[in-house]
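> Before we start, here is the structure in question, set down as structure tokens.
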Amino acid sequence: MTKKNITRLNIFLDIFLLTIFTIIFYLNIPIVSQKDIFIPRGSIKSIITYLENHAYDINKIDRFFLILIGKPQSGFIDIKHTFLSKADFLYALANSKTSLKEVTLIPGETMYFFNKILAQNFNLDPKDLEKAYKKYAPYDDGVIFADTYKLPVGASADFLMEFLVNKSLKRHQELSHKVLREYNENQWFRFISIASIIQKEAANTSEMPLISAVIYNRIKKGMPLQMDGSLNYGKYSHTKVSAERIRTDNTIFNTYKNKGVPKTPVGSVSIEAIKATINPADVKYLYFVKNKNGSHTFSETYEEHKNNITKK
């Protein structure tokens, strides 16, 4: 080997070693991060840009490392630590799984209490959740389907509500097309408003078509619905309706004072309540009262209804 070739080899080795040391130094740069990080859908390049724009010490160079290590999973991921090296941070991005928590909205529950459940489980302010809900939902209640949802830990109130409302509105449209062969938002949510009262009033699913029939029969005769369940809206979801409430409540939900169905749902509904709304029982009942068994006794006339009350 000539002296000239030896010199070139030495230069190459020096550059190689310098590159290795530079990479080692670079990958050991400390990074401070949140444990839960949101990763948007898209290419590695767009993920890098998103993180860079959200104050993470990451840049275009890191794109090449992620190409070698692996693409991060979209959604909120739990990287376990808040202080780590650049190498550990990139490895965590590529290998951490989405951190999810289950939360359930039960049929009949109102957004007032569902927001409290979300706030408790995801360390959020109920007022922020309420604000976000109103931003995305077309109605004050009844938009989000009663169901169990797996939601990302660390998500903001805005993110959660946008996801829940959009997912639910899509289900409303799909169900409407399946049942009615079309989707008219105003007409559909009138059904949901009726279903929300049925949900509050029915002792069980078998009663739902009967209560649905009572509602339609009363509307047809121009009678007020006079149903306590409509007054179990918002923060009154679990409050027993008193004569005082009936006298003093001047909202659209007071079906003792207002004829017809409230323009917005009282709370969340089940599929069974929706089906009962669209397919009421073929009966002439106008009244019902809770009996000793906890279910309801139905009647066609007021005289019969009074007799049923005395039998309670």
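> Once you've got the GNM for the chain with C-alpha springs shorter than 10 Å, pick whichever of 98, 49, 110 has the biggest mean-square fluctuation.
Among 98, 49, 110, the largest GNM mean-square fluctuation belongs to 49.
> Moving on to the next point. If each residue of separation counts as 0.36 nm, what is the full-extension length gain between residue 302 and residue 135 once their alpha-carbon separation is subtracted?
Length gained between residue 302 and residue 135: 55.7 nm.
> What list do you get for 227, 111 if you sort them by fewest beta carbons within 10 Å?
227, 111
> Hull surface divided by four, with the convex hull built on the Cα atoms of segment 155-312: how many nm²?
Value for segment 155-312: 10.8 nm².
> What helices does the chain hold that run 27 Å or longer along their axis, going by alpha-carbon atoms, with a Kyte-Doolittle average of -0.5 or more, using DSSP H for the helix calls?
3-27, 157-180
> Mind telling me which of 192, 61, 44 comes out most flexible in a GNM of the chain, alpha-carbon contacts under 10 Å?
61
> Just subtract the alpha-carbon distance of residue 293 and residue 171 from 0.36 nm times their residue separation and send over the number in nm, one decimal.
Roughly 40.4 nm would be gained on extension.
> Next question, about the same structure. Given a 10 angstrom Cα cut-off, can you work out which residue in 18, 118, 66 is the most mobile in a GNM of the chain?
Ranking 18, 118, 66 by mean-square fluctuation puts 18 first.
> Taking the Cβ-Cβ separation of residue 32 and residue 64 as r and a Förster radius of 22 Å, what is the calculated FRET efficiency to the nearest 0.05?
Calculated transfer efficiency: 0.45.
> What list of ³J(HN,Hα) couplings, whole Hz, do you get for segment 252-267 from phi and the Karplus terms 6.51, -1.76, 1.60, once you set θ to phi - 60° and write x for glycine and proline?
Per-residue couplings from phi come out as 5, 7, 7, 7, 7, 9, 10, 7, x, 9, x, 6, 10, x, 7, x Hz.
> Among 88, 125, rank each residue by its count of other Cβ atoms within 10 Å, from fewest to most, as a rough exposure measure.
So the residues, fewest neighbours to most, are 125, 88.
> Would you list 205, 251, 297, 277 from fewest to most Cβ contacts within 10 Å?
Exposure proxy ranking, most exposed first: 251, 205, 297, 277.
> Moving on to the next point. Which entries of 71/150; 221/290; 178/259; 131/235 show an alpha-carbon separation above 25 angstrom in the structure shown?
Result: 178/259 exceed 25 Å.
> Next question. What percent do you get for the relative contact order of the chain when only Cα pairs under 8 Å and 6+ apart count?
Relative contact order, the chain: 16 percent.
> Based on the Kirkwood radius over alpha-carbon pairs, what value in µm²/s does the Stokes-Einstein equation return for the translational diffusion coefficient of the chain at 10 °C and 1.306 mPa s?
Translational diffusion coefficient: 67 µm²/s.
Where a number appears in this text, it was derived from the coordinates with a stated rule and is not lab data. None of these values were measured; they are calculated from a predicted model. Please note: Cβ atoms are built from the backbone with ideal geometry, for glycine as well, and neighbour counts cover all protein chains shown.
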